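The values are calculated or read from the model by the stated rules, or taken from the named source; none is laboratory data. Quantities reported herein were computed from a predicted structural model and do not represent experimental measurements. All Cβ positions, glycine included, derive from the backbone under ideal geometry; neighbour counts span all protein chains shown.
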Amino acid sequence: MNPLERSPDEYRAVFQRITDLSLTLLNELRERPTFPQISGEQSLDRFQHPLPEQGFGQAALDDLQAVIDASRLPNPRFFGYVLGSGEPIAASADMLASVLNQNVTAWRSGPAAVVIEKTAVGWLAQALGCQEFVGSLTGGGSSANLMALAMARESRITANEKGVTVRGTLYASAQAHMSIPKAVALLGIGRQQLRLGPCDADHRIRLDLLRRALDEDRRAGLTPLAIVGSAGTVSTGSIDPLRDLATVAREAGAWFHVDGAFGALAAIARPELFDGLALADSISLDPHKWLYQPLDCGCVLYRDRDIARKTFSFTGDYAKSLLDDPLESFTFFDETIELSRRFRALKLWLSLRYHGFSAFRQAIQQDLQLAAELAQLIDAHPSLERLAPVPLSAVCFRFIPPAANLGATRLNELNLQLMNRLQRGGRVYLSNATLDGRFALRACIVNHRTTRADIEAVVEEVIKVGSEILAEA
Ligand SMILES: Cc1ncc(COP(=O)(O)O)c(C=O)c1O
């Protein structure tokens with residue numbers, strides 16, 4: 001027998017143990033710290049083991065508890081970054097997806113997987129009011145943005161064969177996510193060709209300045225390739241005026257991409273916030289953020305499959321589909337970056353079918369409501385200052401005790417110190433943003449486990465830790 005083959009009983013024992021560990025973790029999640037009590041050095045000691053020439057068998061599983069204990073868990077008081085909470089029904093499907101090991105390259109490699117992915121993507125498009133869009137699941141918003149901007153480039157200046165020979169420009173706001181400049185660089189356009197325009201007081205792109213930049217570039221003989229709008233900026237959740245951006249893009253002959261990795265899925269609960277979303281040429285969204293899916297599960301939507309194929313299709317003879325049937329000859333690899341692709345759709349499909357779409361809508365509504373309530377708690381507190389509007393579920397604020405009378409630099413230092421101590425303390429986890437030179441604590445609520453008591457804990461902990469730091473000074 002091949003040494004990798006094991007008996008059904010042995011597999012059952014291993015799967016059962018992993019199931020038990022997962023279920024115990026889920027039961028304990030609320031009581032566990034939001035950050036593990038571990039230093040960098042300790043994490044090396046614990047996991048940097050030598051390559052095992054001989055296997056440990058089931059004893060290898062003994063170390064999984066240590067992995068859990070050293071993990072930053074999807075606790076209800078984790079508010080850092082934009083990270084969904086890992087819905088457990090979806091997580092269970094990931095196990096089956098790995099056992100099935102479908103390679104979602106083409107229908108012939110995974111008939112069920114291809115149809116399920118197309119179905120789940122169709123559901124997402126429909127939920128956003130973009131039913132005429134098609135697309136695929138990606139590793140996340142960054143790869144969705146890269147794919148979208150690759151399509152934008154190819155639709156405007158056909159660079160795939162000869163490279164980028166035309167000087168083209170892209171436009172986004174200064175609040176655009178870092179994956180946008182990264183994509184522009186990777187596509188050979190050059191980051192200097194990306195105009196990151198100023199925002200208004202609500203952190204939305206200034207249309208007047210965008211128009212001016214377009215005019216100046218046109219006079220300089222540059223070709224506008226794409227305008228990128230944000231449907232939820234990473235720092236504050238601000239939503240650019242999408243309908244206006246669509247008009248500006250159309251007038252300029254540019255592709256219109258919407259980066260909705262953080263916010264677009266909130267259109268399920270609050271469609272009126274996203275007016276103009278359906279006018280985009282492409283949209284990025286991230287079910288692993290605000291649809292609570294376990295990583296990874298991003299999505300890119302676009303309206304023109306031919307442009308996707310023009311951009312991504314370089315099929316070698318070994319991969320060409322030799323089937324005639326239009327369904328059976330379908331290939332994802334002709335419209336994506338990846339060839340081998342995991343069965344990401346199974347978890348999404350299962351959890352949507354298990355809970356029903358209305359449960360997700362309610363969960364998003366609850367997150368939005370909790371964010372609004374956190375903003376109210378902050379506004380009502382004399383030692384806290386909110387630093388941005390809260391259109392979605394990111395709340396930016398700082399600790400600013402009135403009696404302490406601190407200058408701008410000291411306030412920034414104090415809040416940085418506060419955030420570091422909060423994160424290590426393990427009771428609530430906040431991340432940060434910099435807004436107009438001010439260091440902000442940032443709580444982002446995209447977690448179906450979070451309750452009112454958890455957001456009250458944000459205020460309590462910030463005041464407690466902030467006061468401790470001041471008392472030590
Ligand atoms: C607005 C926005 N775009 C893109 C991304 C990148 O998404 P991912 O981390 O899934 O690559 C993020 C991540 O937070 C985001 O907030």
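Structure summary
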| item | result |
| --- | --- |
| Residue that is farthest from the ligand (Cβ to nearest atom), among those in segment 246-264 that are farther than 28 Å from residue 438 by Cα and hydrophobic (A, V, I, L, M, F, W, C) | 252 |
| Subset of segment 147-202 [within 16 Å of the ligand (Cβ to nearest atom), touching a strand residue (DSSP E or B) at 6+ places or on another chain (Cβ under 7 Å) and not in a strand (DSSP E or B)] | 147, 148, 149, 152, 174, 175, 176, 177, 180, 181, 184 |
| Long-range neighbours under 6 Å by Cβ, at least six apart or interchain, first residue buried (at least 24 other Cβ atoms within 10 Å of the Cβ) within segment 243-267, second among the β-branched types (Val, Ile, Thr) and modelled with pLDDT under 95 | 262/82 |
| Pairs where the first residue, in segment 323-342, is more than 23 Å from residue 304 (Cβ to Cβ) and the second is aliphatic (A, V, I, L, M), C-beta under 8 Å, 6+ apart | 342/97; 342/104 |
| Residue identified as surrounded by 22 or more Cβ atoms within 10 Å (Cβ to Cβ), touching a helix residue (DSSP H, G or I) at 6+ places or on another chain (Cβ under 9 Å) and within 25 Å of residue 92 (Cα to Cα) among 348, 301, 277, 295 | 348 |
| Matching residues in segment 183-203 - criterion: being under 16 Å from residue 165 (Cα atoms) and in contact with a Lys or Arg (Cβ under 9 Å, 6 or more places away or on another chain) | 184, 185, 187, 188, 189, 190, 191, 193 |
| Qualifying helices (runs of 4 or more DSSP H) (wholly inside segment 4-112; at least 1 residues being within 29 Å of residue 451 (Cα to Cα) and more than 16 Å from the ligand (Cβ to nearest atom)) | 8-28, 64-69, 88-100 |
| Within segment 129-146, tally of residues that are within 16 Å of the ligand (Cβ to nearest atom), surrounded by 23 or more Cβ atoms within 10 Å (Cβ to Cβ), not in a helix (DSSP H, G or I) and not hydroxyl-bearing (Ser, Thr, Tyr) | 2 |
| Of all residues in segment 203-244 being assigned to a helix (DSSP H, G or I) and of a type in the set (A, V, I, L, M, F, W, C), the one that is nearest to the ligand (Cβ to nearest atom) | 242 |
| Search result, residues across segment 16-27 that are of a type outside the set (Ser, Thr, Tyr) and either assigned by TED's automatic domain parsing to the domain that holds residue 450 or touching a residue at least 40 places away in the same chain (Cβ under 8 Å) (or both) | 17, 18, 21, 25, 26 |
| Answer residue from segment 285-344, given it is within 29 Å of residue 96 (Cα to Cα) and acidic (Asp, Glu) and is modelled with the lowest pLDDT among those | 325 |
| Unique residue being touching a residue at least 40 places away in the same chain (Cβ under 8 Å), in a helix (DSSP H, G or I) and within 23 Å of the chain's Cα centre (by Cα) when the list is 417, 423 | 423 |
| Some residue of segment 97-104 being in contact with a Lys or Arg (Cβ under 6 Å, 6 or more places away or on another chain), under 30 Å from residue 191 (Cα atoms), surrounded by 23 or more Cβ atoms within 10 Å (Cβ to Cβ) and not polar (S, T, N, Q) | no |
